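Asker: This is the structure I want to talk about, given as structure tokens.
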């Protein structure tokens, strides 16, 4: 893994966790503590994090930029997206929120005929519309400053008019006690409303998001019909989620 990729990964982890252990991260990346220490020193010099005893923590109170998140765990997100698309049948209506994993998912939706896709994501709308097979309903509202999507009361009011077969959301964290969570309240509001309107809720989350907490709750684990994660997700993270109410677990 190149240094740039490690930096993206470190910042993505800090989007969901207040603090990360140096020891656990060195093991996960398969690099020496000295290599990881150089990464942390560089990111601290850039003002992106702060070193503390045994690890490091977020200092700016923000998520990494959306484009940075797009590049993190890209292959895992593609596999998760492909697995999620296998749940969708022609003629269905699905709601999809604005996230880096749901954009990967949207690439696979583009080839499904007679599909209706309701989304607040400009990226999802663009990816699905390229296929020419699905109808895209793009919610109106306030444009996000970082995440390319629409948010706010206008988007929520329009969303409440629909009753999709599935809602597909990509939270920033998923914890057995706290449930699915997002860092930003506006993003959480969209995801929560999609989960409430849909017949079934599907959560798309790679292993780095499991066992983590963020700022704003979307829903509890009992509301999640299916969790689709990657093969690297550890049983120590997935088992508590299933015990807390997640009904189906898919490893992509």
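No lab work stands behind these numbers, since they all come straight from the coordinates. Values in this document were obtained by computation on a predicted structure and should not be read as measured data. Reconstructed Cβ throughout: ideal geometry from the backbone, glycine too, with neighbour counts over all protein chains shown.
Asker: Please give the contour-minus-distance gain from residue 161 to residue 232: 0.36 nm per residue of separation, less the Cα-Cα distance, rounded to one decimal in nm.
Answerer: Full-extension gain reported as 21.8 nm.
Asker: Restricting to DSSP H runs of at least four residues, report the calculated mean residue ellipticity at 222 nm for the chain, -39500 (n - 2.57) per run over all residues, nearest 500 deg cm²/dmol. Mind showing how you got there, number by number?
Answerer: Values: 10 runs with 102 residues, N = 252.
Helix-only estimate at 222 nm: -12000 deg cm²/dmol.
Asker: A follow-up question, please. Can you give me the angle between helix 33-45 and the longest principal axis of the chain, using Cα atoms only, in degrees from 0 to 90, rounded to the nearest 10?
Answerer: 70 degrees
Asker: What whole-number value in cubic angstrom gives the convex hull volume per residue for the C-alpha atoms of segment 120-182? Before the final figure, lay out each step's value.
Answerer: Working: hull volume 7.7 nm³, N = 63.
It comes to 122 Å³ per residue, whole-number rounded.
Asker: Sorting 225, 8, 163 on the 10 Å Cβ count, fewest up front, what's the list?
Answerer: Numbers: 225 17, 8 22, 163 10.
Fewest to most other Cβ atoms nearby, the residues stand as 163, 225, 8.
Asker: Related question: Quick one: if the Förster radius is 45 Å, what FRET efficiency do residue 50 and residue 114 give, using the C-beta to C-beta distance and rounding to 0.05? Please report the intermediate quantities before stating the final value.
Answerer: Numbers: r = 51 Å, r/R0 = 1.14.
Calculated transfer efficiency: 0.30.
Asker: Could I ask something else about it? Pop out the Kirkwood hydrodynamic radius of the chain from its pairwise C-alpha distances, inverse of mean 1/r, in Å to one decimal. Write out the running numbers ahead of the final one.
Answerer: Working: mean 1/r = 0.0547 Å⁻¹.
For the chain, inverting the mean 1/r across all distinct Cα pairs yields 18.3 Å.
Asker: Now for a separate question. Note the angle between two axes, namely the Cα long axis of helix 74-85 and the longest principal axis of the Cα atoms of the chain, as a number of degrees from 0 to 90, rounded to the nearest 10.
Answerer: Taking Cα atoms only, the helix is inclined about 30 degrees.
Asker: Taking only C-alpha pairs under 8 Å that are 6+ residues apart, what is the relative contact order of the chain in percent?
Answerer: Once divided by the residue count of the chain, the mean separation gives 16 percent.
Asker: Further, regarding this structure: So, in nm, how far is label residue 143 from label residue 35 when the simple model puts each one 7 Å beyond its Cα toward the Cβ?
Answerer: So the two model labels end up 4.1 nm from each other.
Asker: In Å, what Kirkwood hydrodynamic radius results for segment 127-252 from the alpha-carbon pair distances?
Answerer: Taking every pair of different Cα atoms in segment 127-252, averaging 1/r and inverting gives 15.1 Å.
Asker: Given the options 228, 169, 40, state which has the largest fluctuation in a GNM of the chain using a 10 Å cut-off (strictly under) for Cα springs.
Answerer: Residue with maximal mean-square fluctuation among 228, 169, 40: 40.
Asker: Round to the nearest 10 and give me the degree value, 0 to 90, for the angle of helix 3-16's Cα axis relative to the longest principal axis of the chain.
Answerer: The angle comes out at about 70 degrees.
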